[in-house]
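Structure first, then comments.
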Amino acid sequence: MITITPIQEKAINIAADVLVSHGPKLAQNETLRRHIVNRIEKHMLTNLEHTRSDPNYLPGIADDRTAMSLAIVGTIERALVENHLSEAALRAAIQILVKTLFLRQGNREQMIHLFKEQYGIGAPSFLVISPGKACNLHCTGCYADSDDKARNLAWSTVDRIITEAKTLWGARFFVISGGEPFAYRSEGKSIVDIIERHADCMFLMYTNGTLITPEISQRLARTGNLLPAISVEGWKERTDARRGEGIFDQVVNTMHLLRHDGIPFGISLTGTRYNAEEILSDEFIDFFQQQGALFAWLFQYMPIGRSFTLDLMPTPQQRLWMWRRSWEIIRTRRMFIADFWNHGTACDGCLSAGGHGNGGYFYIDWNGAISPCVFLPYSPLNINTAYAQGKTLNDVWADPFFHSLRQWQFNYKNKNGNGLMPCPNRDHHADLQRLIMEHEPDPIDVNAAAALADPEYAQGLAQYDAEYEALTHNIWETHYVHRAPAAKDGGIAPLPSLLDLQIAAPASSTAR
């Protein structure tokens, strides 16, 4: 946390205006740009030296967090050099990401302090909202079981949720999912109207990309506060097989449009047993970076939603390979790629149910159901009902089911649980079942209810948990808990590499 004086704030505002006006020119000055980036990187590595000696941090976790931070710096540099961001996008990045989120200025800092003073731990840092279930595609295995029927959370309710999160928690970051967000319509308004209304917030949106028209792209360029993450399943054959004929080409065309209008964007990947090696290959990453994608979110297939099956999950051996390979990309290519299951070490473990003190989130769907996580589809309460009863998001946060999950997270971390297995649903399913039996939250749909009632489902996940624990236990203990500091180089310990861990991709994983 950084506090600043009015004079410092004025100086920062002036510097921000200079960066907005001259940032692209400064970015093209390679000598100056590299000097600034090198100073930042050296500062991060110096901080890593101090963190390694801090008994509150495991050495391997400090390394992972530094690696992710360096990747974010590299991604920002690439955005400035290659993507020619619109003035609004550049201003939003500086005003929201740097000044508001990092420096925690003014009213936001006050709200964060008040929450911690009242409840004893930090407030949730963001929300994931799926305002509508409708989608123009019908993808196999859709986690949301989306279709073409318009089932929506009222626009005014979405607006209220965001406003309240800003007011009570100091939140300025929101994730929009679906359904297809650009298909959302309510009260004569669209999701773009929400983004424009909350210009002091940054939005990340998961979208299939097919409904982004030139008009929408130009509106987004003018607001500058949306980061679209466009879904692909792999190369053209695999993407079209799951999403529909011609979708891959539409996605590529949308990327060209966004890049032309100066909108920063990335890709959203669903890793399965059949595409894990494909989507993490150098050729695949190269191709989408050439299209302008700056970042990637990797969601390992979870057995929920339409036609859920454990057979699509990456095998435990594949997941371990994905862990090593994704960190290789982060460390060597300095590309921001986030995998909630494999990168829990970079974000304090599980972030569901509001998190256990260092940031976290809730998920609210089109029916108003509030659940701990997009991939944990059990809800103890509904936002529409809560608002009708005069409750607020703080009352949601205090719900006993959510409290129990946060306590589980806290206990798991304090007992030095295997940080490569952070998910209560996928990695500790038996623990989650006990909490569900105790609190009896409602399944959010028939698929979640069917999974809860299926003993083979629970047995399959329990077996998966045991196999992955056996594969990763020694890595966790040796690389994260007991690893000695890396050898020094020029007075600064370099970021250690995971490349010495030779983990081969299972040959059978590419079979159809």
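The values are calculated or read from the model by the stated rules, or taken from the named source; none is laboratory data. No experiment lies behind these values; they were computed from the predicted model shown. Note that we place each Cβ from the backbone using ideal geometry, even for glycine, and neighbour counts take in every protein chain shown. Ligands, DNA and RNA are excluded from the accessible area calculation, which covers all protein heavy atoms including side chains. Shrake-Rupley method; radii C 1.70, N 1.55, O 1.52, S 1.80 Å.
Observations, loosely collected:
- Rg ratio (alpha-carbon, reference 2.2 N^0.38 Å) - segment 217-349: 1.08
- 25 Å Cα-Cα threshold exceeded, pairs from LYS116/LYS189; LYS166/LYS415; LYS391/LYS415; LYS166/LYS391; LYS133/LYS189: LYS116/LYS189; LYS166/LYS415; LYS391/LYS415
- The label-point distance for ARG34 and LEU452, in a model that sets each label 7 Å from Cα toward Cβ, rounds to 5.8 nm.
- Taking segment 321-356 and a reference point 7 angstrom along Cα→Cβ of GLN407, the backbone N atoms nearer than 20 Å belong to 350-356.
- Using the 1.4 Å probe convention, the accessible area of segment 137-293 works out to 35 Å² per residue with neighbouring protein chains retained.
- Between segment 187-222 and segment 240-254, the alpha-carbon center distance in angstrom: 21
- Of the solvent-accessible surface of segment 228-331, computed with a 1.4 Å probe and all protein chains present, 50% belongs to carbon and sulfur.
- Residue-normalised accessible area of segment 313-418, given per residue in Å² at a 1.4 Å probe: 30
- Taking every protein chain into account, the 1.4 Å probe leaves ILE96 with about 10 Å² of accessible area, to the nearest ten.
- Residue-wise HN-Hα couplings along segment 385-394, as the Karplus relation 6.51 cos²θ - 1.76 cosθ + 1.60 with θ = phi - 60° gives them from phi, are 5, 4, 5, 5, 8, x, 8, 10, 5, 5 Hz; Gly and Pro carry x.
- Gain upon complete extension [THR392, GLU49; 0.36 nm per residue less C-alpha separation]: 119.2 nm
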